[in-house]
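Below is one structure, written out as structure tokens, with a few remarks after it.
The values are calculated or read from the model by the stated rules, or taken from the named source; none is laboratory data. None of these values were measured; they are calculated from a predicted model. No Cβ is skipped: glycine too gets one built from the backbone with ideal geometry, and neighbour counts run over all protein chains shown. What goes into the accessible areas is simple: the full protein's heavy atoms, side chains included, and nothing from ligands, DNA or RNA. Shrake-Rupley method; radii C 1.70, N 1.55, O 1.52, S 1.80 Å.
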Amino acid sequence: MAESHGNAKGSTAHTEADGGHKAPFPPFQKDTFASQLVSLLVAFVALYLIVSRIALPRVGSLLDERQNKIEGDLAAAQKLRDESDAALKAYESELAAARSRAQAIGAETREKLNAASEAERKTLEERLSVKLAEAEKTIAATREAAMKNVRSIASDAAIAIVQRLTGVAPDRRSANKAVDATLKG
């Protein structure tokens with residue numbers, strides 16, 4: 001190409017390009033097409049072997065591990081759910097038993113209180129009936145005493161009325177007889 005820089009004839013500059021035809025792009029050259037196909041086939045087989053022997057088993061094992069973990073977690077969640085359901089049923093049955101015991105205790109206490117109040121009522125009625133009988137005796141005695149006093153008061157009043165009307169005082173015996181007859185009816 002360039003033999004010397006000083007010679008202007010026959011020398012070309014480094015910047016000059018051949019004005020001729022360029023070589024075609026290597027993959028499109030007919031001479032190298034077969035070797036390129038063989039290289040492509042070798043690369044494809046190598047890639048296939050790498051992917052099928054190394055990458056796919058690793059990905060498959062990761063997927064299997066992940067699936068097993070998911071299944072294990074689901075099984076554990078189901079187990080915990082079953083346990084919580086069983087605990088809830090036990091709680092509800094204990095709550096129902098406690099409610100029934102509370103109702104039984106309430107009914108028993110109510111019965112005891114009713115029996116105690118009934119006994120108290122009977123005792124009070126007996127005391128009141130005794131007091132009533134005593135009061136009736138006292139009233140009868142007071143009435144009888146009052147009736148005796150009424151008789152003497154009525155007799156005295158009758159004597160005073162007769163004496164005032166007639167001017168003559170009747171004797172006490174006849175006034176007592178008249179009062180007794182009036183009181184008997």
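Find out how many positive minus negative residues lie around Arg66, taking Lys and Arg as positive, Asp and Glu as negative, among other residues whose Cβ is under 13 Å from that of Arg66.
Neighbour charge sum, excluding Arg66 itself: -2.
Below 26 Å Cα-Cα, how many Lys pairs turn up in the chain? Only count pairs eight or more apart in sequence, or on different chains, if you could.
12
Rounded to the nearest whole Å², what accessible area per residue is found for segment 33-185 with the 1.4 Å probe?
Spelled out: the 1.4 Å probe surface of segment 33-185, per residue, equals 86 Å².
Using just the helices of the chain, give the 222 nm mean residue ellipticity in deg cm²/dmol: DSSP H runs with n ≥ 4 each add -39,500 (n - 2.57), and the total is spread over all residues, rounded to 500.
The helix-only estimate for the chain comes to -28500 deg cm²/dmol at 222 nm.
Summing Lys, Arg as +1 and Asp, Glu as -1, what charge do residues with Cβ under 13 Å from the Cβ of Tyr91 carry, Tyr91 excluded?
-2
Cβ under 14 Å from Asn176's Cβ, Asn176 left aside: what net charge do those residues give with Lys, Arg +1 and Asp, Glu -1?
+3
Would you mind telling me the share, in percent, of accessible area of the chain contributed by carbon and sulfur at probe 1.4 angstrom?
62
Can you tell me the orientation of helix 33-50 relative to the chain, as the angle in degrees between its alpha-carbon axis and the longest Cα principal axis, to the nearest 10?
Around 30 degrees separate the two axes.
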